[in-house]
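Working notes, structure below.
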Amino acid sequence: MHHDPRVVDVALGLGSHDLGVAAHCAALYRAGLFGTLLFTGGNSPGTLGWFPRGEATHFREHALALGVPDEAILVEPRAANTGENIVFSRDVLAAAGIVPRSVLLVCKPYMERRAYATARKLWPEVEVTCASVPLGFEEYVTTMGDEKLVVDMLVGDLQRVIEYPKRGFAVEQDVPEEVLAAYASLVDAGFDGHLLGAGAQTP
């Protein structure tokens, strides 16, 4: 999204297989961009082996180890998809008496656009900014150690950017023709491990 990180009321660290999200949240907290950090995420089939006690729980522990104080962190441990990340986090914040006007979504680099589109649909009253670790593709693949996984996830995220507005899960995003062509080429090449199944109904 190329957003410039700025001071906000609350940051949400969106759970995933990428612990770098938690580390980036900690760095942004230390930079003084927010005073409240909420980690959100239970488990999906793809993260259970990485974080058996839940994404948000492991992310919180990593942030604590990196110097974020416990009193600054809230945890939403149930969300199983991006829509639930947004809706459940909003509920946790409300229960804590926090009604933010601005939110920073911290996620994997290739997930920013989908996270933004989901938040604009499900939480339209807040101003949304996105942030992720500033790594290029090759650097990110090296960090994750699995090129097939990264490309599968990237292709799956783009599919969701295209499909979820039709299902009411996200706002519409412009997808250029050359991006659509690259998407089709990657699917044909077998990078289909994170595509939606025929019965998939959640964001």
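The values are calculated or read from the model by the stated rules, or taken from the named source; none is laboratory data. Predicted model only: the values in this text are computed from it and were never measured. Because the Cβ atoms are built from the backbone with ideal geometry, glycine has one as well, and the counts that use them run over all protein chains shown. Areas reflect the complete protein model, heavy atoms only, side chains present, ligands, DNA and RNA absent. Shrake-Rupley method; radii C 1.70, N 1.55, O 1.52, S 1.80 Å.
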(message) To test your reading of the geometry: what angle, between 0 and 90 degrees and rounded to tens, separates the Cα axis of helix 55-65 from the longest principal axis of the chain?
(response) 50 degrees
(request) Please give the per residue accessible area of segment 18-126, computed with a probe of 1.4 Å over protein heavy atoms only, in Å². (result) 41 Å²
(request) Give, in nm to one decimal, the length gained when the segment between D4 and A181 is fully stretched (0.36 nm per residue of separation minus the Cα-Cα distance). (result) 60.8 nm
(request) Using θ = phi - 60° and the Karplus relation 6.51 cos²θ - 1.76 cosθ + 1.60, list the HN-Hα couplings for segment 161-176 in order, rounded to whole Hz, with x at every Gly or Pro. (result) 4, 6, 8, 5, x, 5, 9, x, 8, 7, 7, 5, 10, 6, 10, x
(request) Tabulate in residue order the Karplus-calculated ³J(HN,Hα) for segment 102-119, using 6.51 cos²θ - 1.76 cosθ + 1.60 with θ = phi - 60°, rounded to whole Hz; enter x for Gly and Pro. (result) 9, 9, 9, 8, 10, 8, 5, x, 7, 9, 4, 5, 5, 4, 4, 5, 5, 5
(message) Using alpha carbons only, how many angstrom separate the centre of segment 102-139 from the centre of segment 36-76?
(response) 17 Å
(message) Can you list residues from other chains, or at least 5 along the same chain, whose modelled amide H is less than 5 Å from the amide H of T36?
(response) A11
(request) For the chain, give the percent of accessible area contributed by carbon and sulfur heavy atoms, probe 1.4 Å, rounded to a whole number. (result) 54 percent
(message) With a cut-off of 8 Å between alpha carbons and a minimum separation of six or more residues, what is the relative contact order of segment 84-161 in percent?
(response) 32 percent
(request) Evaluate the relative contact order of segment 1-138 (contact order divided by residue number), counting alpha-carbon pairs under 8 angstrom at least 6 apart; express in whole percent. (result) 30 percent
(message) Suppose each label sits 7 Å from its Cα in the direction of the beta carbon; what would the L195-A72 distance come out to in nanometres?
(response) 4.3 nm
(message) Suppose only helical runs count, i.e. DSSP H with n ≥ 4. What mean residue ellipticity at 222 nm does that imply for the chain under -39500 (n - 2.57) per run, divided by all residues and rounded to the nearest 500 deg cm²/dmol?
(response) -13500 deg cm²/dmol
